[in-house]
Amino acid sequence: MMKIQAQSNIPTDFGVFSMYAISEYESDWNPHLVLVSQNTDFNKTVNVRFHSECITGEIFHSKKCECGQQLDAAMKFMAENGGVIIYLRQEGRNIGIINKLKAYALQEKGLDTVEANLKLGLPADGRNFDVAVEILKMLEIQKINLLTNNPDKLKSLENSGIILENRLPLEIDSNEVNESYLVKKKDYFGHLLERV
C-alpha cells in the first residue's frame, strides 16, 4: 500500500512546490516523488505530468535525450498554471542506470536506443504507469490534463476512473545528438511528436 512517508515545501528556480515522498515502506531510499505547485486545486481539473527518472539528462544535462528539459518545462508550467508532477523512479525506461550506460555503449557502436536494450535482453520500454494512477487516486485527484507525448501514459488512464480532459504536448526541439533518438520515439513507440 503506497502512502506519503514525508512531506516538505521545496523552493525551486520555478516556484515553491510541496514535495511528497511516496512508497510502501518508510525505509525505502528510492521513493516515488510528487511535486505539487502551491496554486493547485485538487477539486478542479489538475495539470499532471508523469515523469520517469533520468539521472543522465536531469542531473548531468546529457544531450542524448530531452528528459531534463522536459522536467524543467513541466516544473515551469506547473508553477505558472498549477499542477502535479509525479516523479517515478524508473531510470532508463526502467532498466536502471547500469544497464542504461551499457545500452549507451552499444549505441556508440551503431545500435539505436531500442536495438541496444533488446541486445541486452531487456525490454525496449519496461516502464509501468499504474503506480502513477495509484498516486493520483491516493491524492483524490479525479480529473486531469496530462502533460505528455507518450500514448502509453494516456492508455494507463483507461478504465482507471480518472477523467482525462486534455493531453497537453510537451515537445522539446532536437539537438545535434538526439534527433535520431526522437525519431525512434516517434516511429517505434508512437510518441506524439510534431517537430521531428
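Filter Lys3/Lys185; Lys3/Lys76; Lys76/Lys109 down to the pairs with a C-alpha to C-alpha distance above 31 Å, please.
Numbers: Lys3/Lys185 33 Å; Lys3/Lys76 26 Å; Lys76/Lys109 37 Å.
Where the Cα-Cα span goes over 31 Å, the pairs concerned are Lys3/Lys185; Lys76/Lys109.
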Practice prompt. Quick one: which residues, 5 or more positions from Ser52 or on another chain, have an amide H under 5 Å from its amide H? H modelled 1.01 Å from N in the peptide plane, none for Pro or chain starts.
Written response: Leu88
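Expressed as a rounded percentage, what relative contact order does region 16-151 have, with Cα pairs under 8 Å and six or more residues apart?
Details: 195 pairs, mean separation 39.3, N = 136.
29 percent.
Express the Stokes-Einstein translational diffusion coefficient of region 71-115 in µm² s⁻¹, to the nearest whole number, given a Kirkwood radius over alpha-carbon pairs, 10 °C and a viscosity of 1.306 mPa s.
Reported coefficient: 125 µm²/s.
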Discussion item. Strictly over 24 Å apart at the Cα level, which of Lys100/Lys153; Lys64/Lys102; Lys143/Lys184 would you flag in this model?
Written reply: Lys143/Lys184
Worksheet item: Which three extents, in whole angstrom, do the alpha-carbon atoms of region 97-196 cover along their principal axes, largest first?
Response: 47, 30, 18
Worksheet entry | Inter-centroid distance (Cα atoms) of region 2-71 relative to region 141-196, Å | 18 Å
Worksheet item: In deg cm²/dmol, rounded to 500, what helix-only [θ] at 222 nm does the chain give when every DSSP H run of at least 4 residues adds -39500 (n - 2.57) and the total is split over its residues?
Response: -9000 deg cm²/dmol
Worksheet item: If you line up the Cα atoms of region 144-196 on their principal axes, what length do they span on each, largest first, in Å?
Response: 41, 18, 13
Response to the item:
Dipole check, region 121-196, charges on Cβ (K,R +1; D,E -1), about Cα centroid: among Asn175, Asn128, Met138 the Cα furthest to the positive pole belongs to Met138
Practice prompt. In nm, give the distance between the simple-model label positions of Glu158 and Ile59, each being 7 Å from the Cα along the Cα-to-Cβ direction.
Written response: 3.6 nm
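Place a +1 charge on the Cβ of each Lys and Arg in the chain and a -1 charge on the Cβ of each Asp and Glu, then give the dipole magnitude about the Cα centre in debye, rounded to the nearest 20. Present the calculation step by step, with values, prior to reporting the outcome.
Details: 22 positive and 27 negative charges, 55 e Å.
My answer is approximately 260 debye.
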Worksheet item: Which semi-axes, in whole Å and largest first, does the equivalent ellipsoid of the chain have when worked out from the alpha carbon gyration tensor as the square roots of 5 times its eigenvalues?
Response: 28, 18, 17
Discussion item. What are the equivalent ellipsoid semi-axes of region 1-73, built from the alpha-carbon gyration tensor (square roots of five times its eigenvalues), in whole angstrom, biggest first?
Written reply: 22, 18, 12
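Just so you know, all these numbers are worked out from the coordinates, no wet-lab data involved. All figures in this text were calculated on a predicted structure; none of them were measured in a lab. Methodologically, a virtual Cβ is constructed for each residue, glycine included, from the backbone with ideal geometry; neighbour enumeration extends over all protein chains shown.
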